[in-house]
């Protein structure tokens, strides 16, 4: 139904955003980007600038998945200018959250540490605080904020999976392999119930990396190969690089035929 509506001559922002989000989750990144680019032009033509900024944010998420940070930051700057022009605190907050995601991914300790305290207290900011503390190496605060974020999960499996992934990473840094494996396994189980190939592949790679530590090389290889296949298909260059590094490490150091 969404596809038919988007294909018609009737332009609706919510429908285009919803369809593009579904396509992104299903791994149809090129088509999702095309739809968002067209919606960007249409909202600009109609003077719907707040709606245009929301489309910029969704396009920014897609570009972050693809590791295209320069273009992403250009979009965020434009969206931020719109939020200032129209005095939209909600939009400004959404831009700040996406900007923080980028700073965390590129490992900018200083900028992310400053920005996190400018956000309102929400479940998203709680999880991002945990991410920043993890980046800083403060594992105790990372886990504290992750446990707080966990209270907001309710029946939201996707958010719960993200929290469990972070907790797995924190325990992995603590060299607590069993706890890391437990939380990564829970995250993977959650992601398998969702239709998001990007996050599922990342979850497979995370669990695979933990299985190396417990010398479960066959299982790790299976997970890495599954993740690699999806990441190649998606064009997830950041995730693919890490997956291939770990896969080669297993194959060279611990040949399966031994």
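The values are calculated or read from the model by the stated rules, or taken from the named source; none is laboratory data. All figures in this text were calculated on a predicted structure; none of them were measured in a lab. Counting neighbours? That spans all protein chains shown, and the Cβs are built from the backbone with ideal geometry, glycine included.
Points worth noting:
- Highlighted here are the helices (runs of 4 or more DSSP H) found entirely within the range 182-258 that include at least 2 residues which are free of Cβ contacts under 8 Å to residues at least 24 places away in the same chain, within 30 Å of residue 31 (Cβ to Cβ) and touching a helix residue (DSSP H, G or I) at 6+ places or on another chain (Cβ under 9 Å): 217-234, 237-253.
- Members of the range 75-90 found to be more than 19 Å from the chain's Cα centre (by Cα) and either closer than 15 Å to residue 105 by Cα or in a helix (DSSP H, G or I) (or both), listed by number: 77, 78, 79, 80, 81, 82, 83, 84, 85, 89, 90
- Failed condition for residue 70, given (1) closer than 19 Å to residue 18 by Cβ; (2) surrounded by fewer than 19 Cβ atoms within 10 Å (Cβ to Cβ); (3) free of Cβ contacts under 8 Å to residues at least 24 places away in the same chain: (1)
- Any chance residue 64 is touching a residue at least 24 places away in the same chain (Cβ under 8 Å), within 17 Å of the chain's Cα centre (by Cα), in a helix (DSSP H, G or I) and in the same structural domain as residue 14 (by TED's automatic domain parsing): yes
- Any hit, the range 156-171, residues being outside the structural domain of residue 65 (by TED's automatic domain parsing), out of contact with any helix residue (DSSP H, G or I) (no Cβ under 6 Å at 6 or more places or on another chain), touching a residue at least 24 places away in the same chain (Cβ under 8 Å) and not in a helix (DSSP H, G or I): no
- Single residue of 230, 238, 250 found to be under 21 Å from residue 61 (Cα atoms) and crowded, with 19+ Cβ neighbours inside 10 Å: 230
- Selection count where residues are without any contact (Cβ under 8 Å) to a residue 40 or more places away in the chain, surrounded by fewer than 20 Cβ atoms within 10 Å (Cβ to Cβ), under 17 Å from the mean Cα position of the chain (by Cα) and outside any loop (DSSP other than H, G, I, E, B), scope the range 103-115: 1
- Residue in the range 35-51 that is under 17 Å from the mean Cα position of the chain (by Cα), farther than 25 Å from residue 129 by Cβ and in contact (Cβ under 8 Å) with a residue 12 or more places away in the chain present: no
- Filter result for residue 119 (buried (at least 19 other Cβ atoms within 10 Å of the Cβ) and not assigned by TED's automatic domain parsing to the domain that holds residue 75): no
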